[in-house]
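Enquirer: Dropping the structure in here first, questions after.
The values are calculated or read from the model by the stated rules, or taken from the named source; none is laboratory data. What you see is a predicted model; the values in this text were computed from it and never measured. In this analysis, Cβ positions are derived from the backbone assuming ideal geometry, glycine residues included, and neighbour counts consider all displayed protein chains.
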Amino acid sequence: MLKLSHISKTFNPGTVNEKVAIQDLSLHLEKGDFATIIGSNGAGKSTMFNAICGDFLTDSGSIVLDGQDITFMPQHVRAKNIGRLYQDPMRGTAPGMTIEENLALAAGKGGWLSRISKSDKERFREQLALLDIGLENRMNHPVGLLSGGQRQALTLLMATMNPPKLLLLDEHTAALDPGTAEKVLNLTKRIVEEHHLTCLMITHNMQSALELGNRILMMDSGNIVLDIKGEEKKGLTVEGLLDKFKVGVGKKLDNDRILLSNEK
Ligand SMILES: Nc1ncnc2c1ncn2[C@@H]1O[C@H](COP(=O)(O)OP(=O)(O)OP(=O)(O)O)[C@@H](O)[C@H]1O
């Protein structure tokens with residue numbers, strides 16, 4: 001479903017601010033793969049997502065999504081097949097518009113909000129009810145009034161309403177309190193399974209990295225240094241995961257958000 005072949009990206013080349021963010025990175029995701037990604041600060045995790053989404057063109061390598069070479073495809077065209085959630089719950093929804101209007105946009109009704117039919121409304125209500133956070137009774141409320149967790153749940157629903165070929169989750173629960181984060185993670189798991197989505201999820205939470213998905217990718221210095229799946233993933237503990245990183249990379253996983261979250 002996704003094939004990154006030898007992609008590289010250096011920011012500000014030839015200047016004092018030159019930074020090699022991605023270096024000869026290759027990754028092959030099968031349809032339905034759900035890989036969690038962990039790595040040190042500045043390892044290139046978000047940059048890899050930006051490269052996939054077409055925020056910039058990579059310096060070298062190719063990106064193939066579902067058999068189609070998208071290496072030079074403009075960002076807005078790729079966006080039709082790629083859903084993305086960010087850490088900031090304020091991104092991905094229009095705060096001044098109602099829940100119903102936001103859903104209509106996600107459903108592809110464009111600017112024609114007057115086209116929301118009775119059956120659309122019913123469908124939206126049913127989908128919101130599945131989130132199980134009471135949003136189905138607040139369809140006419142502006143999204144700006146929702147809490148961070150409610151907004152992330154809604155963004156997740158919107159990003160997967162027309163199931164994307166690839167779902168990219170960039171620490172999408174990091175800004176939420178632990179209880180809400182767990183709810184949104186459970187919801188993520190359910191939606192990904194229901195639609196058999198191919199998904200990449202960056203997280204600093206080692207436990208989530210272990211519990212969700214079928215693969216764990218570890219990144220360091222602009223590359224994927226470990227790809228853990230199958231038998232190797234089964235029964236792995238947080239300590240075991242951190243040990244693997246230390247042995248594989250030759251240093252401790254160094255991420256300030258892991259330290260702040262009181263994990264090892
Ligand atoms: N647009 C840019 N211009 C210059 N440097 C950039 C740009 N985007 C990213 N970088 C640099 O590239 C490196 C990789 O950044 P990236 O955000 O991908 O790391 P990350 O693994 O997501 O880190 P974190 O866990 O801290 O979010 C960093 O050194 C970062 O400062």
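Enquirer: Only residues that are assigned to a strand (DSSP E or B) and within 16 Å of the ligand (Cβ to nearest atom): list them for region 73-88, please.
Expert: Arg84, Leu85 - these are the residues of region 73-88 that are assigned to a strand (DSSP E or B) and within 16 Å of the ligand (Cβ to nearest atom).
Enquirer: Gly235 passes all but one of (1) at pLDDT 90 or above; (2) at positive phi; which number fails?
Expert: Unmet condition: (1).
Enquirer: Under the condition of being free of Cβ contacts under 8 Å to residues at least 60 places away in the same chain and assigned to a strand (DSSP E or B), which residue from region 40-63 is nearest to the chain's Cα centre (by Cα)?
Expert: Per the stated criteria, the residue is Ser62.
Enquirer: Just one of the numbered conditions (1) more than 13 Å from the ligand (Cβ to nearest atom); (2) surrounded by 15 or more Cβ atoms within 10 Å (Cβ to Cβ) is not true of Ala51; which one?
Expert: Failing condition for Ala51: (1).
Enquirer: Could you tell me whether any residue of region 166-180 is in a helix (DSSP H, G or I) and among the acidic types (Asp, Glu)?
Expert: No, region 166-180 contains no residue that is in a helix (DSSP H, G or I) and among the acidic types (Asp, Glu).
Enquirer: Pick from Ile7, Ile70, Ile22, Ile37: which is touching a residue at least 40 places away in the same chain (Cβ under 8 Å) and more than 12 Å from the ligand (Cβ to nearest atom)?
Expert: Ile7
Enquirer: Separate question: Identify, please: which residue in region 1-39 is among the polar types (S, T, N, Q) and not in a strand (DSSP E or B) and is, among those, farthest from Asn186 (Cα to Cα)?
Expert: The qualifying residue farthest from Asn186 (Cα to Cα) is Thr15.
Enquirer: Could you give every pair whose Cβ atoms fall below 8 Å, whose first residue belongs to region 200-214 and is away from the ligand (no atom under 16 Å from the Cβ), and whose second residue is among the basic types (Lys, Arg), counting only separations of at least 6 or pairs across chains?
Expert: If the second residue must be among the basic types (Lys, Arg), the pairs left are Leu210/Lys233; Leu212/Lys189; Asn214/Lys229; Asn214/Lys233.
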